[in-house]
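Quick notes on the structure that follows.
Bear in mind that the values in this text are calculations on the coordinates, not laboratory data. None of the values given here were measured: they were computed from a predicted structure. Glycine also receives a Cβ, built like all others from the backbone with ideal geometry; neighbour counts cover every protein chain displayed.
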Amino acid sequence: MINTVAEAAALVDRIGSPAIRTMLDVSAASHSESDPVHEVLRTFLASGHIAHVQVNDKNRRGPGQGDTDQRPVLQVLKDMRYTGWVAVEPFEYLPDGPGCADISARHVRHIWRDLS
């Protein structure tokens with residue numbers, strides 16, 4: 001079982017293919033990483049291991065539907081000029097799928113616009 005980004009990066013390195021990279025899920029990382037999620041992201045973006053980021057809330061809902069501050073994660077993405085995928089994969093769609101998508105997109109866009 002792979003539980004941390006470091007473990008995933010080590011597997012990517014063992015495979016040794018430029019076509020294989022890993023991802024960071026803010027919800028999962030907030031439960032399994034000992035360092036702050038944005039610092040884990042910064043480390044593994046810099047090393048080239050991360051090709052996908054999911055900005056879910058720690059409570060497994062969309063961003064903006066819980067207490068997880070997405071600002072530090074989004075700041076790292078902006079600072080490092082990340083051009084890969086950023087997704088939302090909630091496990092609870094509240095109030096429903098379209099409503100959750102709308103809340104999440106508005107929350108992420110609001111934060112992104114306010115970043116320096």
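See the values below:
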| quantity | calculated |
| --- | --- |
| Exclusive hit being under 22 Å from residue 116 (Cβ atoms) and among the basic types (Lys, Arg), set 60, 42 | 42 |
| Failed item, numbered, when residue 50 is tested on (1) within 19 Å of residue 115 (Cα to Cα); (2) crowded, with 20+ Cβ neighbours inside 10 Å; (3) in contact (Cβ under 8 Å) with a residue 40 or more places away in the chain | (1) |
| Enumerated helices (runs of 4 or more DSSP H) restricted to segment 1-62, each holding at least 3 residues that are over 13 Å from the mean Cα position of the chain (by Cα) | 5-15 |
| Where residue 69 falls short, out of the listed (1) in contact with a Lys or Arg (Cβ under 7 Å, 6 or more places away or on another chain); (2) surrounded by 14 or more Cβ atoms within 10 Å (Cβ to Cβ); (3) without any contact (Cβ under 8 Å) to a residue 40 or more places away in the chain; (4) not in a helix (DSSP H, G or I) | (1) |
